Amino acid sequence: MIVQSRIHRGFGNGAGEIGHMSIDIDGPSCNCGNYGCLETLSSGIAIKRRMQEEIRRGVESSLSSFEAEAAPITLKMIAQHAQEGDRLANDLLEEAARYLGLGVANVINLLAPDRVIFGGEVIDIYPQTIQTAEKIAKARTFSPQTKNIPFIKSSFGEQSGLIGAAAIIQQWVFDTPETTVMRV
Ligand SMILES: [Zn+2]
């Protein structure tokens, strides 16, 4: 999270854990120990898990044969089958995007950022996620001004983690040049 051009890390570096925002009190278990965190509902892993659950429940999908053969269903396959008209694949990608929109609405209501930037595997394989999330988020935000917040795709791609890590170090060096020189 960037606040006034600086990385906001919060007390104990605990800020920005948007993926662990509680969205569904009875939702799936998360690796953080809680239930119904945003990432259990809108991440790539969540989409794949939902696809397996629905196929096992007997919902029709052009991906059913892959599940039956115990072949791993990838996110790319889900996006491809959605594009080719598979209803279940499309529904699950849209469901994940709606949950993401809920999470973003909560962030907007708390912080009113001047832009929301999306990145990651799900956005890369299913860019429509941003449009759906924007529609849901803007329908649920309080201030009328938030309707003008741009929702955009990150240009960093797979490098975003590296760039973020480098930015933390860069900010630390510029914040504490003397300490940095002494420690080096
Ligand atoms: Zn969690």
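Please treat every number below as a calculation from the coordinates, not as lab data. If you're wondering where the values come from, they're calculated on a predicted model, not measured in any experiment. Reconstructed Cβ throughout: ideal geometry from the backbone, glycine too, with neighbour counts over all protein chains shown.
Look at the dipole of the stretch 18-150 built from charges on Cβ: of Pro28, Val116, Thr146, the Cα furthest out on the positive end belongs to Thr146. Can you classify the stretch 125-175 as rounded, prolate or oblate using the Cα gyration tensor, where a ≥ b ≥ c are the square roots of its eigenvalues, rounded means a/c under 1.5, and otherwise it's prolate if a/b beats b/c and oblate if not? It is oblate, given that a/c is not under 1.5 and a/b is not larger than b/c. Note that the stretch 5-14 has calculated 3J(HN,Hα) couplings of 6, 10, 6, 9, 9, x, 4, x, 6, x Hz, one per residue in order, obtained from phi through the Karplus relation 6.51 cos²θ - 1.76 cosθ + 1.60 (θ = phi - 60°); glycine and proline are x.
Among rounded, prolate and oblate, which fits the stretch 66-184 when a ≥ b ≥ c are the square roots of the eigenvalues of its C-alpha gyration tensor, a/c under 1.5 means rounded, and a/b larger than b/c means prolate? Because a/c hits 1.5 or more and a/b fails to exceed b/c, the stretch 66-184 counts as oblate. Using Cβ point charges alone (K and R +1, D and E -1), the dipole size of the stretch 18-150 about the Cα centre works out to roughly 420 debye. Distance between the 7 Å Cα→Cβ label points at His20 and Ser155: 3.3 nm. Against the main long axis of the alpha-carbon atoms of the chain, helix 160-175 sits at an angle near 10°. Axis angle, to the nearest 10 degrees, between helix 44-56 and the longest C-alpha principal axis of the chain: 20 degrees.
Axis angle, to the nearest 10 degrees, between helix 128-140 and the longest C-alpha principal axis of the chain: 70 degrees.
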